[in-house]
Amino acid sequence: MFRKLFVLAILIMLNLSAIYGLDAYLHRNDVIKSADTAEKTPDFTWRDFDGKTHNIAELKGHIVVIHFWATWCAPCRKEFPELLAAAKALGDNVIFLTISGDDELAPAKKFVENAEQKSGTKNLANVLYALDDNKHIAIDIFQTAVYPESIVLDANQNMRRKFGGAIEWQDANVMDYLKQLK
């Protein structure tokens, strides 16, 4: 009896996951069509992969995409090379602040190396890498519960969009939206 209930519970969870995933896929660009918000970005600092501390105010005057990811996140592994390709295509018009939720730096660095190799990009000046090992930025500041997640800031550091889940970075709607913010 217990085994049947356990199997039933697993099947229900799998079905709900599939439904949620399908819904997210079908509505992945709906957020682009929704009305802009203009909530001020909270002040925060981050540590880059070299251990240097930076503040979000340093990026004022630029369109910024804050992108939360982790090495253990399957959608992140697929999405990140596409993000790098978009960053290359957008050039200095958009800065991508990519924030790893991993506990250790070495796996995050390896993840980035693999994504750079897949995307054919390396050392892009408009892509910044940060480590949020205590999850302070993701959870405490931006209430990010699921990776990947991206938040778009305008040049005045107002939060304009929040994308929950993976994004098709090469999608014309996404690229046009980021270009028009400038």
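Of Glu104, Glu116, all but one fail to be without any contact (Cβ under 8 Å) to a residue 40 or more places away in the chain, surrounded by 15 or more Cβ atoms within 10 Å (Cβ to Cβ), closer than 21 Å to Ala70 by Cα and of a type in the set (Asp, Glu); the exception is Glu116.
Going by the structure shown, is Lys110 over 28 Å from Lys40 (Cβ atoms) and assigned to a loop (DSSP other than H, G, I, E, B)? Answer is no for this residue. Residues in region 122-157 that are part of a loop (DSSP other than H, G, I, E, B) and touching a residue at least 40 places away in the same chain (Cβ under 8 Å): 10 in all. The number of residues in region 38-68 being under 17 Å from Ala155 (Cα atoms), at pLDDT 95 or above, of a type outside the set (Val, Ile, Thr) and in a strand (DSSP E or B) comes to 2.
Looking across region 91-119, the residues that are in contact with a helix residue (DSSP H, G or I) (Cβ under 8 Å, 6 or more places away or on another chain) and under 20 Å from Leu178 (Cβ atoms) come down to Asn93, Val94, Ile95, Phe96, Leu97, Thr98, Ile99, Ala115, Ser119.
The values are calculated or read from the model by the stated rules, or taken from the named source; none is laboratory data. Please read these numbers as outputs of a predicted model, since none were measured by experiment. Neighbour counts are summed over all protein chains in view; Cβ atoms, including those assigned to glycine, are modelled from backbone coordinates with ideal geometry.
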